[in-house]
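*Asks:* My structure is below; once you've seen it, I'll send some questions.
The values are calculated or read from the model by the stated rules, or taken from the named source; none is laboratory data. These numbers come from a predicted model, not from an experiment. Heads up, the Cβs are rebuilt from the backbone with ideal geometry, glycines too, and the neighbour counts pull from every protein chain shown. To get the accessible areas, we keep the full protein, side chains included, count just its heavy atoms, and leave off ligands, DNA and RNA. Shrake-Rupley method; radii C 1.70, N 1.55, O 1.52, S 1.80 Å.
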Amino acid sequence: MATPTIIGSSLPNIPWEDRPTHCEDILWRYSKNPILGWNPIPSAARIFNSAVIPFGEGFAGVFRADHKNGRPHLHVGRSVDALSWEIDDTAIAWVDEAGNPAPTTYAYDPRVLRLDDRYYIIWCDDFPGPSIGLGVTDDFVTFTRLERPLMPFNRNGVLFPRRIGEHYVLLSRPSDSGHTAFGDIVLSHSPDLVFWGKHRQVMSKGGEGWWQGVKIGAGPVPIETREGWLLIYHGVSGPCNGFVYSVGAALLDLDDPQRVLYRTRDYLLTPEKEYETAGFVPNVAFPCATLCDADSGRIAIYYGAADTYTAVAFCQVDELLTHLKANSEVF
Ligand code: BMA
């Protein structure tokens, strides 16, 4: 068997569907999308922009649940097949490092990763004002909040799943307190997940195409491949009636991830289906997690659709890398 492109575990039980006949897209949608619809649990109107990870015999997830007072909070979910989810009706009861209750005032757009044999959750937290929150769990029952890595305002914090050299590495998107530009992805280094510095610019909004002209933000935890870190990200354009969030990908150097090797010139997925174009916020496809099987090269991408639904798309790592190299624009 050829050496797998993805450096990671064998996960034959991740969700998968072959590319539909007559579809030539590099990412294709799950035919039963969305996997979570309106009012999925009594306390929340919408669950979207959420993260899943292999855990135990099945899967665990940290879900962004927008409560019926409009505020987002993080809820835990469990699943056998990563498509059908049992999601707690109450939000995660965070504690601080001394074990005292440490509730969030709001929390959204989580990413989850396994790092040094623990499970870290990183999300958009209230500093006050949007910034990056960091927490850890070993069992998806007790969740401990850690020091916030960065100052406000910031969103789309995404940790790499291992140290690179001596440092932990964190992608983020510094911003203002609203929904507008500044819109570039930067990275920061830390020896201990507490103190962060050595900040570097990674990727800017813009380029030839308009789909990522307003801002960009890291999506799922980067996937380690033999050719580089595969970063799936969102790019935003700004037509007259609001923003449009689409999905792109980039390949970052394995040892020096501020170096962008390739970057999609065109989006890989943009809102087209009704569950993406109509909802609480129309025209949003916002990826936050992947499940990957190193043996087959299969990747299942979890994305929020229209700030309302949770949806899944698929791709094959070698096809995506070939496409990236042939259709790249690095600027
Ligand atoms: C961003 C974040 C995302 C959301 C998107 C579209 O600023 O708030 O959670 O999906 O806007 O509303």
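*Asks:* Within region 101-113, is there a residue that is within 16 Å of the ligand (Cβ to nearest atom), among the polar types (S, T, N, Q) and either under 16 Å from the mean Cα position of the chain (by Cα) or surrounded by 13 or more Cβ atoms within 10 Å (Cβ to Cβ) (or both)?
*Replies:* Yes.
*Asks:* Kindly indicate the residue of region 146-159 that is part of a strand (DSSP E or B) and in contact (Cβ under 8 Å) with a residue 40 or more places away in the chain and also nearest to the ligand (Cβ to nearest atom) among those meeting that condition. It would help to see each step written out before you state the result.
*Replies:* Initial filter on region 146-159 (part of a strand (DSSP E or B)): 154-159.
Next cut, in contact (Cβ under 8 Å) with a residue 40 or more places away in the chain only: 155-159.
Values: R155: 6, N156: 8, G157: 13, V158: 14, L159: 18 Å.
Here the answer is R155.
*Asks:* Among the numbered criteria (1) of a type in the set (K, R); (2) open to solvent by 10 Å² or more (accessible area, probe 1.4 Å); (3) part of a strand (DSSP E or B); (4) closer than 24 Å to G61 by Cα, which single criterion is violated by R162?
*Replies:* (3)
*Asks:* From the set of residues in region 281-307 that are more than 10 Å from the ligand (Cβ to nearest atom) and outside any strand (DSSP E or B), which is surrounded by the fewest Cβ atoms within 10 Å (Cβ to Cβ)?
*Replies:* Among them, the one singled out is D295.
*Asks:* Right, here's the next one. Under the condition of being among the charged types (D, E, K, R) and without any contact (Cβ under 8 Å) to a residue 60 or more places away in the chain, which residue from region 20-62 is most open to solvent (accessible area, probe 1.4 Å)? Talk me through it step by step, then tell me what you get.
*Replies:* Of all residues in region 20-62, those among the charged types (D, E, K, R) come to 24-25, 29, 32, 46, 57.
If we keep only those that are without any contact (Cβ under 8 Å) to a residue 60 or more places away in the chain as well, we get 24, 32, 57.
Details: E24: 164, K32: 138, E57: 179 Å².
The selected residue is E57.
*Asks:* Could I ask something else about it? Sort out which residues of region 177-200 are away from the ligand (no atom under 11 Å from the Cβ), under 21 Å from the mean Cα position of the chain (by Cα) and free of Cβ contacts under 8 Å to residues at least 24 places away in the same chain, and write them in order of number.
*Replies:* If the condition is that a residue be away from the ligand (no atom under 11 Å from the Cβ), under 21 Å from the mean Cα position of the chain (by Cα) and free of Cβ contacts under 8 Å to residues at least 24 places away in the same chain, then V186, H189, H199 are the ones that fit.
*Asks:* Any chance you could count how many residues in region 268-280 are over 18 Å from the mean Cα position of the chain (by Cα) and within 15 Å of the ligand (Cβ to nearest atom)? Please lay out each step first, then the result.
*Replies:* If we filter region 268-280 for residues that are over 18 Å from the mean Cα position of the chain (by Cα), which is where we start, we get 272-275, 277-280.
Okay, now just the ones that are also within 15 Å of the ligand (Cβ to nearest atom), so 275, 277-280.
Number satisfying all stated conditions: 5.
Here's the yes/no breakdown for (1) within 13 Å of the ligand (Cβ to nearest atom); (2) surrounded by fewer than 18 Cβ atoms within 10 Å (Cβ to Cβ):
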site: Q212; (1), (2): no, no
site: G217; (1), (2): yes, no
site: G228; (1), (2): no, no
site: I232; (1), (2): no, no
site: C240; (1), (2): no, yes
site: V247; (1), (2): yes, no
site: R259; (1), (2): no, yes
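*Asks:* Can you tell me which condition D184 does not meet? The list is (1) modelled with pLDDT under 95; (2) acidic (D, E); (3) open to solvent by less than 20 Å² (accessible area, probe 1.4 Å), and all the others hold.
*Replies:* Among (1) modelled with pLDDT under 95; (2) acidic (D, E); (3) open to solvent by less than 20 Å² (accessible area, probe 1.4 Å), the lone unmet condition for D184 is (1).
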